[in-house]
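Laboratory data are not the source of any read-out in this text; all were calculated from the coordinates shown. What you see is a predicted model, and the numbers here were worked out from it, not measured in a lab. For neighbour counting, all protein chains shown are included, and Cβ atoms are generated from backbone atoms with ideal geometry for every residue, glycine included.
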Amino acid sequence: MVLAVVITYARESASLTAPPPITMSHSTENIPLHVPQQLISPDHPMKSIHAVQDGPSPPSASEPETKNNWHEITIKRGDTLSSIFSGLNIYGQLGELMALGKEAQSFRHIQPGQRIRIRIDANTLEELIFEQNKSEQLHVTRQPNGLDIIHVNKPAKSRRTVASGNIKHSLYRAALQSGLSERLIMNLIHIFSWDIDFALDIREGDSFTVLYEEFYIDGEKIKDGEIVAAEFLTRSEPFHAFRYTDAKGVTGYFSADGRRMRKAFLRMPVSFGRISSRFNLRRKHPILNKIRAHKGVDYAAPAGTSVKAAGDGKIVFRGRKGGYGKTIVLNHGGNYSTLYAHLSRYARNAKAGQRVKQGQTIGYIGKSGLATGPHLHYEFRVNGMHRNPLTVKLPSAKPLPKAELINFSSEIQPLMAELKLHRHSSVAIID
Ligand SMILES: [Zn+2]
């Protein structure tokens, strides 16, 4: 039910966190703290047709092309299995291989870069290993009754990794420099998007630490896994998130006090954007040039940037609304409604009466209506009253039930310690 968390620090990998030479110490952002931590962790077998986990030990790639009757071929453009078999003088046995059924069909689609290893004894094909990709192999062996084929999956091993950094120019830059991939950065922003307004709350000097998984096969990284725990230390307060699977089997991110990070509303209905005008009941309108209440927040972003539904709800209005231009209004139930104005166009499925999910794209930023440039005008209403979207108290998620909270707390304790350890190492570098 719960996320298996096994943390064992190897002393030698901890030394990788040693600060760089002192000459770099005035740089607050360019500190790569990408610290691979080899941790004991369960294997993650990929899907398998036959439930075979570990393949036979083929000759290693560093061996010469032909050794102990093994021939190693890296597919080049134009190669076919028949040209390869001809070259090895076993063309006559190709039919026998192709007769092996569905699995053998993969041999019709060999791609440049894939590898095939073939063991030939006395002009007879004895064994063939076809590496379809990093994790999948077809393994053909000669049995007393003819050739036999199995599909073998190499299990990927997961490894816990830490990235940490201090923000100087932008979170995005600092995160890239810390070793996080774009996908992980987007995930990180998404996890905290209910609590942190990334256009507003993040400043120079703030820092982040992220524990995440990476998957390796034979020592080679094949992909990123999930973020396991993360923290943001902002000037005003620390924010934490922990991946956790609750008693119902639902996996999500929780704050240190056991509340779901995902709330009923997104604080910001665009992924990227700069606040260009705030909620102000006595604002001078930039076009009308007279005092007119600004009952929402404006996010300036390039035209065409997607606008997301702040919460699950129903489209109750879609159309032109005077100076608002192309507008969408969502009703979220519980007396909450949101409004999105100056859109350039609506999303294809965003029609009046349609239900939408939180985060779903409903339209695109534009400057329809009375607008000086492309931006989203966003309003948040509670019981029909306009509230400041940036400060309105959003309904917060219920904490985990008490019985589960105990388990959650003990599970996150080592993660919290790990975050702290790496946070300290980054602070030490700045000092
Ligand atoms: Zn506005």
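Below is a table of values for the structure above.
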| read-out | value |
| --- | --- |
| Given charges at beta-carbon only (K, R positive; D, E negative), |dipole| of the range 158-204 in Debye | 320 debye |
| Using a Förster distance of 51 Å, the FRET efficiency for MET385-LYS420 (Cβ separation, nearest 0.05) | 0.75 |
| Length released on extending from ASP218 to ARG203, taking residue separation times 0.36 nm less the Cα-Cα span | 1.4 nm |
| Over 26 Å (Cα to Cα) - which of LYS284/LYS367; LYS314/LYS402; LYS295/LYS326; LYS248/LYS393 fall in this group | LYS314/LYS402; LYS248/LYS393 |
| Residue-span extension gain [TYR91 to VAL250] - 0.36 nm each, minus C-alpha spacing | 51.9 nm |
| Under 10 Å, Cβ to Cβ, from ALA352 - net charge with Lys/Arg +1 and Asp/Glu -1 | +3 |
| Student exercise, the range 66-153 dipole from Lys, Arg, Asp, Glu Cβ charges, in Debye to nearest 20 | 280 debye |
| Inter-label distance for ARG262 and ARG274, nm, one decimal - labels placed 7 Å from Cα along Cα-to-Cβ | 3.3 nm |
| Additional length obtainable on full extension of the chain from ARG283 to GLU226, 0.36 nm per residue less Cα span | 16.1 nm |
| Qualifying aspartates and glutamates (Cα of each under 14 Å from Cα of LYS290; at least 8 residues distant if same chain) | none |
| Inter-site label distance for ALA403 and LYS102 at 7 Å from Cα along Cβ, in nm | 4.3 nm |
| Set LYS157/LYS420; LYS154/LYS420; LYS168/LYS357 screened for pairs whose C-alpha atoms are more than 27 Å apart | LYS154/LYS420; LYS168/LYS357 |
| Per residue, the convex hull volume that the Cα atoms of the range 274-387 enclose (Å³) | 86 Å³ |
| Calculated from backbone phi, Karplus (6.51, -1.76, 1.60) coupling profile of the range 240-245 in Hz, x at Gly/Pro | 10, 9, 10, 6, 8, 9 |
| Relative contact order (%) - the range 274-387, alpha-carbon pairs under 8 angstrom, separation at least six | 30 percent |
| Simple Cβ-charge dipole of the range 145-288, Lys/Arg +1 and Asp/Glu -1, about Cα centre, in debye nearest 20 | 800 debye |
| Table column - 3J(HN,Hα) (Hz), the range 268-277, Karplus curve with 6.51, -1.76, 1.60, x for Gly and Pro | 10, x, 10, 6, 10, x, 10, 5, 9, 7 |
